Amino acid sequence: MLYNCHIYPLIQGLMKSDLYSIIVENNRINIALFGRWTLAHIGAIERQLFKDYKLALGRKPYKLNVIISGRGIDIVDTSAVLMIKKMQIFATDMDVELADMPDEFNSLSLKLADFDITQKHPKQSKIRGPLDMLEAFGKACLRSYRAFAETPQLLGLFLMAILHTLRKPFEFRFTSMVYHIQYMTIPAIAIVFAVSFMVGAVLTEQVAWRLSIFGAEEYVVGFIGMVTTRETSILLTGMLIAGRSSSSITAEIGSMRMNEEIDAMKVIGLDVMRFLVMPRVMAMLIAFPILTVIGIFAGYAGSAFLLYVRYDIGLSVFIDGIYDGVTIYDIGTALVKTPFMAVMLVLVACNEGMKVQSNAASLGYHTTVSVVKGLFLVIIIDAIIAIYFTQVNLLGS
Amino acid sequence: MTDIPANQAIIVVENLRSQFGTNLVHDDLNLTIEKGVITGIVGGSGTGKSVLLRTMTGLKKPEAGSVKILGVNPFSETKGGLGLARKWGVLFQDGALFSSLSVLDNIRLPMKEQLGIHGQFAQELAYMKLFLVGLDWTVGQLMPSELSGGMRKRVALARALALDPEILFLDEPTSGLDPIGAEKFDELLLELTHALGISVVMITHDLDSIFKICGNVAVLADGKVIVDGKLDKILKFDHPWVQEYFGGARGRQVQAQQQNK
Ligand SMILES: Nc1ncnc2c1ncn2[C@@H]1O[C@H](COP(=O)(O)OP(=O)(O)O)[C@@H](O)[C@H]1O
Ligand SMILES: [Mg+2]
């Protein structure tokens, strides 16, 4: 083989690692395998082996013999079979000979004889172009529209359930409702109180500081009392409820869906609306105003606390201010919003829960959607009712 | 595939006590499992078969006694027995596939996370496992919720085989499959364990599986392994549950079928 040596002086070579050595000589490539040919070890050298292998094959302009010897192999697993298969396929139109492979290898490759790695598998990652983004945007718009359009249907179903309850009150699940009231109210009291207290204090500071320039900080009480009562408390409470209860209702019903519990209920003949939704709605109708009232008084407390500490306005002055500034109608405007919010929050949360499919990501998605819709609903309902009352001049001026 | 020779103990459970509150599930349980064999664990409902499996796979800490898998205690290891996670595969009763990952990604996950194998090689390996469990490559793109019961079990098996484990734990692999599906699954297990040289620990209620593929059987009753060994020994064992289970109409029928073959 003088010819080779003259023209391709680099052909003679040796590439080596822990698991293989590749010796190129004349028209043969001798590959010796040794050690533990298992996934953990192969995974580490797979790329290097193919690089070396390609290099060795690439140097030859004519037909070669490749001999793979497994004499030094200690143990093998299926990944070894895959590697050898790949090496065979890679060396197209060359003779690849296997020598001294362990018995285990042979039985494994028999089992995998029909496995075809050259099968064209679809590419997984998709490239997103501007058109895809436009499509996604359009789909999102459609989704929002549908979300809006399904509200009347939800309300209709709910009305049916109410009518049913009125006709057959004994079928109402009272225990369940009590459980939910407790669960929605008691653990929430602390957070509603804390948030309302702090926001009350901060608002008071902002307003009192500006009024104090004119020496008019006493007027802050009536003003803050009114804002706290009519707007901030209900908004804050509503948002906290959307965060706490909407998410938990959606997650609860969603995991029941994943577990086929909802399907089980249906075949047993239980009306999901009556069984799951009604008790939660009723519970929320009671829990929401309770929390709102707590929020209102926490707001007062925050305000009174700040005025006492920063502006030296005593509690009796504060209480007088509240009596003068806040009427029972103001509390009424706040509380009259709660049933609307309560019903909508729970219906939307239940509805999102019912849309959960049997995978974990969908549970997360619908829980998020439930909370986002809940927050949005709280603000929308608050705005609509506030505008309505100012327009018709119904409850207080 | 281990350095442990065939028919040596790969799992040794000694004086195991498992307890939930006052409910004593295992009391002084001893069990040794041999390498290279399919060992069936049988016992009445609620005798603690699943608890035993969870204890062996390090998911539950025993109240007393010791468990050794390939000489290692699955609990004492700091990283939750990560060393063992490369050496065993576990097939849960309902598959426990990751619902937000495609079939292919389910199989690739252990390779990527345990061994850092990714890219094309991982994909080819995953398709190879799908082939091994007898599924078409098109299944790879599906999500777990799109699979039938039998397919779920096969995919779960493929995932359990992802790292070419030395030990395979199976909790009622054929429950919920139709008899033909169950028979095919049994055949698949038998073939794979022969070809791959895996040791299998299998909880089962399926008399067909026991007679057809289990080399060894361990019977759980009264919180203990009351008898274990080859099937002939079990069949002769004098215990009311064993006699009722294997000697009942269904048991006799299966035995007769097996003898006819
Ligand atoms: N997480 C758990 N908490 C309390 N008790 C359990 C728990 N898991 C299992 N048990 C109890 O352990 C016993 C055995 O259960 P298990 O192993 O599931 O039985 P099986 O043999 O049917 O698989 C039962 O009495 C069961 O109530
Ligand atoms: Mg069980």
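The values are calculated or read from the model by the stated rules, or taken from the named source; none is laboratory data. This structure is a prediction, so every number in the text was calculated from the model and none was measured. We place every Cβ from the backbone using ideal geometry, glycine too, and count neighbours over all the protein chains shown. Note: accessible area is taken over every heavy atom of the protein model, side chains too, but ligands, DNA and RNA are not part of it. Shrake-Rupley method; radii C 1.70, N 1.55, O 1.52, S 1.80 Å.
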Principal axis box of the stretch B:146-261, alpha-carbon based, largest edge first, Å: 43, 27, 27
What is the mean projected area of the alpha carbon convex hull for the protein assembly as shown, to one decimal in square nanometres? 45.0
Give the accessible area for residue B:214 in Å² (nearest 10); use a 1.4 Å probe, count only protein heavy atoms, and leave out ligands, DNA and RNA. 20
For the protein assembly as shown, give the share of DSSP beta bridges that are antiparallel, in percent and rounded to the nearest 5; count only bridges with both residues there. 50
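With the cut-off at 26 Å, report for the stretch A:128-257 the share of all Cα pairs above it, as a whole percent.
Cα-Cα pairs in the stretch A:128-257 separated by more than 26 Å: 55 percent.
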Once you keep just the Cα pairs under 8 angstrom separated by 6 or more residues, what percentage relative contact order results for the stretch A:150-396? 33
In what order, largest first, do A:219, A:329 sit by accessible area if the probe radius is 1.4 Å? A:219, A:329
Could you give me the ³J(HN,Hα) list for the stretch B:109-117, computed from phi with Karplus coefficients 6.51, -1.76, 1.60 and θ = phi - 60°, whole Hz, x at Gly and Pro? 3, x, 4, 5, 6, 7, 10, x, 8
Under 14 Å from the Cβ of residue A:81, count the other residues' Cβ atoms, weight Lys and Arg +1, Asp and Glu -1, and hand me the total. -4
Over chain B, relative contact order from alpha-carbon pairs under 8 Å, at least 6 apart, %: 24
Taking chain A as a Gaussian network, where each spring joins two C-alpha atoms under 10 Å apart, which residue of A:370, A:248, A:17 fluctuates the most? A:17
Leaving out ligands and nucleic acids, and using a 1.4 Å probe, what accessible area per residue does chain A come to in Å²? 54
Radius of gyration, Dmax [the stretch A:150-396; alpha carbons; angstrom]: 20.6, 71
From largest accessible area down, sort A:327, A:292; use a 1.4 Å probe on the protein chains. A:327, A:292
Step through the residues of the stretch A:23-28 one at a time and calculate ³J(HN,Hα) from phi using the Karplus curve (6.51 cos²θ - 1.76 cosθ + 1.60, θ = phi - 60°), rounding each to whole Hz and writing x for Gly and Pro. 10, 9, 9, 6, 9, 10
Residue of A:155, A:291, A:33 that the Gaussian network model of chain A assigns the largest fluctuation, springs spanning Cα pairs under 10 Å: A:33
Accessible area buried between chains A and B, both sides summed, probe 1.4 Å, in Å² to nearest 100: 2800
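Accessible area of the stretch A:150-396 with a 1.4 Å probe: how many percent of it is carbon plus sulfur?
71
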Name the most mobile residue of B:93, B:120, B:19, meaning the one with the largest mean-square fluctuation, in a Gaussian network model of chain B with Cα contacts below 10 Å. B:120
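Students sometimes get this wrong: rank B:68, A:54 by accessible area, probe 1.4 Å, all chains present, largest first.
A:54, B:68
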